[in-house]
Amino acid sequence: MSSALRTHNKAQARHSTKVTCFMLNFSTFKEFDIHYIGFEELSLRLYHTTLLHDLGRLNSTDSEVLNPPAHAMTFELHGGCMAYEQLHITAPDFDADQVSDIVQSIVLHTLQWSSGDSSATQVFMSVSALFNIEGHNGTGIVGLDFNRLWHPKTMEEIEKAYPWGDFYHQALAAVDREFAQKPNCLVSHFPGGLDWFTNEFRVGPIVLRHLNQLEGLDRGLRRAQ
């Protein structure tokens, strides 16, 4: 990839890599019956989408990041523009459908729709990214047994390979910057604004947090009996 990808700090690079790992280890990923796209093609698109999805978050003085006028856009649009350019450099054989699906999935990955159709790339991208940041509270999938999405052992292995480190504080700082510099950013349209969006950011490992949630639920059930 070009220098824009090399400007990822370590925590941000770990986040993007972990999102890729979570996506590829989605327990029912290979079982989805998606008539318009095969497993290999979907995997290819998602590989590029997950690795490139946070280019607009780069906190860098690199001219490749700050010179294009797109840097003043909400980070999802800025990142989509950068990803579009990267794909033409690193994947020149991709056709219009592939490029548009990857870029649009990046642009829309923070949004959750109550109606309409999303591509498989966009759905898996959004679920994996939110899961890595917020754990079981962040997937936007209601009433689902989350252990059927990712086995706790899989989560533990990914967390061990790519430690969370200081990403919590770096993510909060990035969101604060986004709201301060771009008050009309896409995330500002979430109900509840900044506080609501960051309230579920996880501080520690997903597995530990999930076990604590299960213990709290168990205590609540015991009190109710």
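The values are calculated or read from the model by the stated rules, or taken from the named source; none is laboratory data. Note that the structure is a prediction, hence the values are computed from the model and not measured. Because the Cβ atoms are built from the backbone with ideal geometry, glycine has one as well, and the counts that use them run over all protein chains shown.
Listed residues S105, S128; which is modelled with pLDDT under 90, part of a helix (DSSP H, G or I) and crowded, with 19+ Cβ neighbours inside 10 Å? Reasoning before the result, please.
On the way: S105 fails: modelled with pLDDT under 90.
Exactly one residue qualifies, and that residue is S128.
Between T74, T110, which is surrounded by fewer than 23 Cβ atoms within 10 Å (Cβ to Cβ), touching a helix residue (DSSP H, G or I) at 6+ places or on another chain (Cβ under 7 Å), of a type in the set (V, I, T) and over 15 Å from A129 (Cα atoms)? Outline the logic, then answer.
Values: T110 fails: over 15 Å from A129 (Cα atoms).
Exactly one residue qualifies, and that residue is T74.
Only one residue in R45, R57 is among the basic types (K, R) and modelled with pLDDT under 90. Which one?
Values: R45 fails: modelled with pLDDT under 90.
The match here is R57.
Within the stretch 1-18, take every residue that is touching a Leu at 6+ places or on another chain (Cβ under 8 Å) and modelled with pLDDT of 60 or more and give me the one that is surrounded by the most Cβ atoms within 10 Å (Cβ to Cβ).
S16
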